[in-house]
Amino acid sequence: MASLQQTTSSNTSLPRLILGSSSKYRKELLSRLHIPFEVIVPDIDETPHPGESPQATALRLALEKARTVALAAPNALVIGSDQVATLDDEQIGKPGNHENALAQLQKMRGRRVIFHTALCLWDSRHSQPEQAVQIENIQTFVTFRDLPDAELDAYLRIEQPYDCAGSAKNEGLGIAILEKIESTDPTALTGLPLIALTGMLRRAAFPFFAT
């Protein structure tokens with residue numbers, strides 16, 4: 001089940017484009033491309049499966065988000081994305097509150113964390129999944145600075161990144177607690193890898209510079 005959240009201004013010369021996500025961060029990133037899109041929030045269970053690898057979790061959820069929306073939206077290009085952060089192969093979720101966020105940052109300080117950002121583009125104009133689906137996992141390696149508890153606590157109280165896996169907003173003040181970011185796709189860490197996405201859209205014959 002999916003619910004319509006928002007529609008941008010439309011252009012009938014372009015294919016219908018839908019972002020299957022409730023994330024305000026993904027919405028902001030997609031807006032950078034200056035193309036009209038809708039937001040439809042898919043209703044799926046995001047619980048990891050027992051024994052499932054972090055990469056497999058991210059890929060499965062990205063696919064399921066796109067598939068759920070695509071089933072209700074024929075003749076559309078549907079974007080699904082999911083991110084799983086890991087330290088020593090252990091998944092790091094969204095902290096939800098200050099105490100959990102501080103515990104995350106204490107555990108990650110001075111360490112390298114891997115962020116798996118899975119992206120799926122489902123072209124519901126095709127009836128066969130092998131023709132409709134493009135999917136990819138983009139890895140970002142983030143090294144956190146080895147900072148004292150007082151600085152980590154102060155950062156959290158200022159930015160309150162409790163809805164972010166890893167408890168830091170790299171696009172904001174959180175960059176000050178990071179030592180290094182290694183990735184082939186600079187927006188992947190924020191939640192939507194635009195280099196990978198624009199490549200998928202091009203393969204789906206999306207006209208970026210239509211006037």
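The gain in end-to-end length when the ALA210 to LYS107 segment is fully stretched comes to 32.3 nm, 0.36 nm per residue minus the alpha carbon separation. Here is the list for the range 104-211: chymotrypsin sites (Phe, Trp or Tyr not before Pro) lying in DSSP coil, each with at most 15 other C-beta atoms within 10 angstrom of its C-beta, are TYR162, PHE208, PHE209.
Leaving out ligands, DNA and RNA, and with a 1.4 Å probe, what % of the accessible surface on the chain is carbon or sulfur? Carbon-and-sulfur percentage of accessible area, whole number: 50.
With 0.36 nm allotted per residue and the present C-alpha distance subtracted, the LEU71-PHE141 stretch has 21.8 nm of extension available. Adding -39500 (n - 2.57) for every DSSP H run of four residues or longer, then dividing by how many residues the chain holds, sets the calculated 222 nm ellipticity at -9000 deg cm²/dmol.
Ranked from largest, the principal axis spans of the Cα set of the range 144-196 equal 38, 21, 14 Å. Take the chain with all the other protein chains still there, run a 1.4 Å probe, and you get 50 Å² of accessible area per residue. Phi angles of the range 14-22 translate, via the Karplus equation with coefficients 6.51, -1.76, 1.60 and θ = phi - 60°, into HN-Hα couplings of 9, x, 5, 10, 10, 9, x, 6, 9 Hz per residue; Gly and Pro are given as x. Please compute the length gained on full extension between ILE195 and GLU90, using 0.36 nm multiplied by the number of residues separating them and subtracting their Cα-Cα distance. My answer for the length gained is 35.1 nm.
Taken over the chain, lysine pairs spaced eight or more positions apart, or on distinct chains, with alpha carbons under 22 Å apart number 13. In terms of its C-alpha gyration tensor, the range 46-117 has a prolate overall shape, because the principal axis ratio a/c (a ≥ b ≥ c, square roots of the eigenvalues) is not below 1.5 and a/b outweighs b/c. At an R0 of 41 angstrom, the distance between the Cβ atoms of ARG157 and LEU14 translates into a FRET efficiency of 0.40. On the beta carbon distance between ASP149 and ASP45, with R0 = 35 Å, the FRET formula returns roughly 0.50. Each Lys and Arg adds +1 at its Cβ and each Asp and Glu adds -1 at its Cβ; summed about the Cα centre, the chain shows a dipole of about 660 debye.
Amide H to amide H distances under 5 Å link GLU38 with THR8, LEU17, ILE18, LEU19, where only residues 5 or more positions off or on other chains count and H is placed in the peptide plane. Helices from the chain with mean Kyte-Doolittle at least -0.5 and a Cα length along the axis of 27 Å or more, per DSSP H: which? Membrane-span-like by this criterion, though nothing is claimed about a membrane: 54-72.
In the calculated pair distance distribution of the chain, what percentage of Cα-Cα distances lie above 22 Å? Considering the chain, 50 percent of its Cα-Cα pairs are separated by more than 22 Å. For GluC sites (Glu not before Pro), the sites in the range 29-59 that DSSP calls loop and that have at most 13 other Cβ atoms within 10 Å are GLU46.
Taking amide H positions as modeled 1.01 Å from N, with prolines and chain starts lacking one, the residues under 5 Å from ALA85 and 5 or more places away or on another chain are ILE92, HIS116.
The values are calculated or read from the model by the stated rules, or taken from the named source; none is laboratory data. Given the structure is predicted, the values throughout are model-derived calculations rather than measurements. Methodologically, a virtual Cβ is constructed for each residue, glycine included, from the backbone with ideal geometry; neighbour enumeration extends over all protein chains shown. Please note that ligands, DNA and RNA were not included when accessible areas were found on the heavy atoms of the full protein model with its side chains. Shrake-Rupley method; radii C 1.70, N 1.55, O 1.52, S 1.80 Å.
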